[in-house]
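These notes are about the structure you will find just below.
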Amino acid sequence: MATNLILKNASICSMAVGELGYAPSTPQDILVVGGKIAQIVPSESNAFATQESMSDHQVVDCSGKLVTPGLIDSHTHLIYAGNRANEFEMRLKGAAYTDIAAQGGGILSTVRATRAATEEELIELALPRLDGLLSSGVTTVEVKSGYGLTLEDELKMLRAAKALENYRRVRITTTLLAAHTVPPEFKDNADEYVDLICNTIIPRVAAEKLADSVDVFCESIGFTLEQTERVFQAAIKYSLSIKGHTEQLSNMGGSALAANYGATSVDHIEYLDLAGVKALSENNTVASLLPGAFYFLKETQQPPIELLREHKVPMAIATDLNPGTSPFADLTLMMNMSCTLFGLTPEESLRGVTCHAAQAIGKAGSRGRIVEGYDGDFTIWNIEHPADLSYQVGVPRLSKRIVAGELCHDSF
Ligand code: NIG
Ligand code: FE
């Protein structure tokens with residue numbers, strides 16, 4: 001297999017720092033060596049002529065196509081069993097998401113199905129969803145646990161998530177979300193469950209290197225601010241980075257708490273207020289917008305986009321792919337929704353699935369931009385202008401995905 005790659009005549013959206021990198025470049029040639037971007041030069045220089053003739057260099061002609069960084073879906077719950085179409089029907093008849101959860105449905109119904117599944121079954125169930133993401137141009141996917149809620153079931157979910165790299169050409173990052181909801185065994189003693197997370201689950205996950213981050217659903221149907229803080233402290237003790245499901249259904253102050261503990265991102269944030277926005281800005285925490293969940297729950301509270309812009313908080317956009325609130329396996333659909341529902345520009349939306357998504361998963365220095373030294377992950381599109389990605393839905397535009405300099409021969 002060729003380990004080195006040359007992309008020729010590439011019109012690039014590099015997403016380089018600042019205002020630069022959105023407008024497509026003049027034709028460039030990109031040399032990828034050992035999975036990393038080694039050099040980018042104007043095509044007219046013909047600088048890689050020698051390498052092109054060598055047999056260990058694969059050459060891809062990108063004439064007439066647009067090349068972006070490989071898209072990053074920075075927030076998913078890709079691993080789960082079961083199906084919640086029945087709850088969708090209940091909600092359409094008037095039941096609230098929080099009521100369904102309070103009656104033992106919602107997240108807990110997926111917990112029952114996920115506990116009953118084997119690791120192999122979870123992988124098999126996740127692959128079609130993963131293929132949906134990949135066919136929308138994704139090369140990196142963050143995957144959370146959170147439907148196991150016992151030590152063994154959380155480990156099973158994280159192992160299944162990591163194993164996806166053996167089945168598809170994709171990079172997976174994993175997040176422990178044991179603090180997703182209080183499991184039935186601890187119904188009247190959430191604090192004891194938090195003890196289990198802090199004293200047993202986090203240490204074991206860290207020891208087995210099964211997660212990069214720890215996440216908490218800080219909400220009335222999730223965990224209190226105090227419980228959230230305990231989980232963050234345990235995560236930091238074991239050198240895991242932190243993230244939050246915060247300010248989704250109410251304003252509890254979870255985003256500011258997470259930011260003050262150095263969170264890479266806080267996600268949902270429809271109810272985020274000015275103090276929260278300032279905390280994100282001061283701590284360089286990414287605001288992750290999840291328009292699929294906003295749309296599917298028919299929410300009306302808009303995330304504070306204008307304040308985020310004013311305070312220069314980077315905004316990521318992700319699918320939140322999950323069975324209850326965002327059953328959507330298409331990242332470009334989320335780009336479209338971020339523009340139509342939240343008023344983002346197509347440029348902000350592309351940054352949201354490239355450089356800002358990379359920052360949300362702690363990879364700002366290596367992914368999400370086409371610059372020398374970064375990972376050789378690219379998505380090649382049959383379009384002329386990047387706004388097309390936010391504009392059309394359901395029209396196939398993907399030409400090729402490249403992960404670590406390897407051309408993916410996808411067959412979705
Ligand atoms: O990101 N907010 C909490 N967790 C998921 C929903 C999970 C579910 O309903 O199964 C979310 O929206
Ligand atoms: Fe989520």
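If you go through the stretch 235-247 one residue at a time, do you hit one that is surrounded by 18 or more Cβ atoms within 10 Å (Cβ to Cβ) and either more than 22 Å from D195 (Cα to Cα) or among the acidic types (D, E) (or both)? Steps first, answer last, please.
Here is the first cut: in the stretch 235-247, the ones surrounded by 18 or more Cβ atoms within 10 Å (Cβ to Cβ) are 235, 240-247.
Next cut, either more than 22 Å from D195 (Cα to Cα) or among the acidic types (D, E) (or both) only: 247.
Scanning the stretch 235-247, I find at least one residue that is surrounded by 18 or more Cβ atoms within 10 Å (Cβ to Cβ) and either more than 22 Å from D195 (Cα to Cα) or among the acidic types (D, E) (or both), so the answer is yes.
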Subject >> Pair list, Cβ < 8 Å and 6+ apart or interchain, from the stretch 321-341 residues that are modelled with pLDDT of 95 or more to residues that are within 16 Å of ligand 1 (Cβ to nearest atom) and assigned to a strand (DSSP E or B) >> reply: L321/D73; L331/D73; L331/I317; M334/I317; M335/I317; S338/L289; S338/I317
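Identify the residue in the stretch 325-340 that is of a type in the set (S, T, N, Q) and closer than 17 Å to M15 by Cβ and, among all such residues, is surrounded by the fewest Cβ atoms within 10 Å (Cβ to Cβ). Full working, then the answer.
Looking only at the stretch 325-340, we keep the residues that are of a type in the set (S, T, N, Q), and these are 325-326, 332, 336, 338, 340.
Next, only the ones that are closer than 17 Å to M15 by Cβ stay: 332, 338.
Values: T332: 26, S338: 29.
Restricting to residues being of a type in the set (S, T, N, Q) and closer than 17 Å to M15 by Cβ, the top hit is T332.
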Original post:
Does the stretch 168-182 contain any residue that is under 30 Å from L398 (Cβ atoms), touching a helix residue (DSSP H, G or I) at 6+ places or on another chain (Cβ under 6 Å) and in a helix (DSSP H, G or I)?
Top reply: no
**OP:** Determine which member of the set G106, G137 is of a type outside the set (A, V, I, L, M) and within 16 Å of ligand 2 (Cβ to nearest atom).
**Re:** G106
**OP:** Residue by residue through the stretch 341-387, note down the ones that are under 16 Å from S25 (Cα atoms) and either surrounded by fewer than 21 Cβ atoms within 10 Å (Cβ to Cβ) or among the aliphatic types (A, V, I, L, M) (or both).
**Re:** E347, L350, I370, V371, E372, I380, N382, I383, E384, H385, A387
Original post:
Which number in (1) away from ligand 1 (no atom under 16 Å from the Cβ); (2) crowded, with 24+ Cβ neighbours inside 10 Å; (3) under 14 Å from the mean Cα position of the chain (by Cα) marks the one condition that L321 misses?
Top reply: (1)
**OP:** Could you tell me whether L127 is surrounded by fewer than 24 Cβ atoms within 10 Å (Cβ to Cβ) and under 30 Å from I37 (Cα atoms)?
**Re:** yes
**OP:** Look through the stretch 327-357, keep the residues that are more than 15 Å from ligand 2 (Cβ to nearest atom) and among the small types (G, A, S), and return whichever of them is farthest from the chain's Cα centre (by Cα).
**Re:** G343
Original post:
Give me the pairs: first residue in the stretch 18-44 and in contact (Cβ under 8 Å) with a residue 12 or more places away in the chain, second residue part of a loop (DSSP other than H, G, I, E, B) and basic (K, R), beta-carbon distance under 8 Å, and six or more apart or on different chains, which are they?
Top reply: G21/R369
Subject >> Where M15 falls short, out of the listed (1) farther than 26 Å from A364 by Cβ; (2) assigned to a loop (DSSP other than H, G, I, E, B) >> reply: (1)
Subject >> Criterion violated by V371 - all others in (1) at pLDDT 95 or above; (2) assigned to a loop (DSSP other than H, G, I, E, B); (3) closer than 17 Å to V170 by Cβ satisfied >> reply: (3)
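Name the strands (runs of 3 or more DSSP E) wholly inside the stretch 258-326 in which the number of residues that are more than 16 Å from ligand 2 (Cβ to nearest atom) and touching a strand residue (DSSP E or B) at 6+ places or on another chain (Cβ under 9 Å) is 3 or more. Walk me through it before giving the result.
Numbers: elements: 265-268, 286-289, 315-317.
Strands (runs of 3 or more DSSP E) meeting the threshold: none at all.
Determine whether the stretch 207-223 contains at least one residue that is in a strand (DSSP E or B), hydroxyl-bearing (S, T, Y), modelled with pLDDT of 95 or more and within 16 Å of ligand 2 (Cβ to nearest atom).
Looking only at the stretch 207-223, we keep the residues that are in a strand (DSSP E or B), and these are 213-218, 223.
Add one more test, that the residue is hydroxyl-bearing (S, T, Y), and what stays is 213.
After this cut, where a residue has to be modelled with pLDDT of 95 or more as well, the list is 213.
Next, from what is left, pick out any that are within 16 Å of ligand 2 (Cβ to nearest atom): 213.
Among the residues of the stretch 207-223, at least one is in a strand (DSSP E or B), hydroxyl-bearing (S, T, Y), modelled with pLDDT of 95 or more and within 16 Å of ligand 2 (Cβ to nearest atom), which makes the answer yes.
The values are calculated or read from the model by the stated rules, or taken from the named source; none is laboratory data. This structure is a prediction, so every number in the text was calculated from the model and none was measured. Cβ sites come from the backbone with ideal geometry, for glycine too, and all protein chains shown count toward neighbours.
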